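First comes the structure, then the notes that go with it.
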Amino acid sequence: MGMARLANWPGMGKALRLAVLLGAAAMLAVPLQATAGVGKPVLERGKGERCVEDTEYMRRHHMDLLKHQRDKTMRQGIRTTKHSLKGCVECHASSKTGSVASTKEDFCAACHVYSGVKLDCWDCHATKPKKTPAPSTTQQTSPLMESQVGGL
Ligand code: HEC
Ligand code: HEC
Ligand code: HEC
């Protein structure tokens, strides 16, 4: 049955063929609009002069850095701070909510909600910087949250 329909394609009415083509064009228009920046998230600028790596690099590859960092810490017990998640949160917490992912305007959530990315990180990691930084340099503060659970 399906084959018979396909074989019928050249015989389709002109209007029907036009409708099919228009339908295909409408489907293409969505990604085209997205690349044109319609509804793109507005991001609050991070604290300080610059990010931990080149900004353009960060836009594309921050997930790789974080995963690499996580693997290093978890598997080999090496703790470097350059690409730490705690650092991201400290510089990118919203001036309004104090969080990177409590509303869809907050820095990390803004792009992820827009792109349909859902992180499990905030199940365990704080979306807000620690209120009182430890006075002692030897004391390691954990990025794990004490109170708040969940983020976008
Ligand atoms: C089930 C809980 C859990 C989840 C989910 C989780 N982590 Fe972690 N993460 C930990 C623990 C525990 C540590 C090590 C303890 C510490 O560093 O305080 C850690 C450490 C890290 C570190 C190194 C410490 C730092 O601040 O840089 C990074 C980076 C990291 N995780 C990234 C992530 C990212 C990114 C996600 C989401 C993709 C994620 N984690 C999800 C529990 C979790
Ligand atoms: C010392 C503060 C600081 C730290 C730590 C930091 N950032 Fe940034 N980040 C910035 C600043 C400032 C900018 C804006 C730079 C610019 O405009 O060129 C930025 C830009 C970005 C951008 C691009 C935003 C845009 O406008 O498209 C991303 C993505 C990003 N950072 C992610 C991260 C992640 C992920 C981490 C943790 C691994 C992190 N940042 C750690 C300060 C920081
Ligand atoms: C400029 C937009 C943008 C910003 C800002 C941004 N992200 Fe992302 N992030 C993305 C996109 C897009 C993806 C999905 C990339 C893919 O699937 O290849 C992603 C993916 C990730 C992933 C991997 C998710 C997975 O399950 O594979 C992690 C972890 C992550 N982001 C962490 C963060 C953190 C933490 C912040 C805030 C400090 C942040 N991102 C800010 C755009 C952004």
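The values are calculated or read from the model by the stated rules, or taken from the named source; none is laboratory data. Here the structure is a predicted model, which means the values were calculated and not measured. Here Cβ is always computed from backbone atoms with ideal geometry, including for glycine, and neighbour counts include all displayed protein chains.
Summary table below
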quantity: Single residue of region 64-80 satisfying the filter (surrounded by fewer than 11 Cβ atoms within 10 Å (Cβ to Cβ) and in a helix (DSSP H, G or I)) that is nearest to ligand 1 (Cβ to nearest atom); calculated: Met74
quantity: Region 56-79 residues that are farther than 24 Å from Cys111 by Cα, paired with ones that are modelled with pLDDT under 85 and among the hydroxyl-bearing types (Ser, Thr, Tyr) (beta carbon under 6 Å, 6 or more apart); calculated: Arg79/Thr73
quantity: Complete set of residues in region 47-62 that are under 15 Å from the mean Cα position of the chain (by Cα) and either of a type outside the set (A, V, I, L, M, F, W, C) or surrounded by fewer than 11 Cβ atoms within 10 Å (Cβ to Cβ) (or both); calculated: Thr55, Glu56, Tyr57, Arg59, Arg60, His61, His62
quantity: Subset of region 86-133 that is acidic (Asp, Glu) and either within 11 Å of ligand 2 (Cβ to nearest atom) or closer than 12 Å to Gly151 by Cβ (or both) - its residue that is surrounded by the most Cβ atoms within 10 Å (Cβ to Cβ); calculated: Asp106
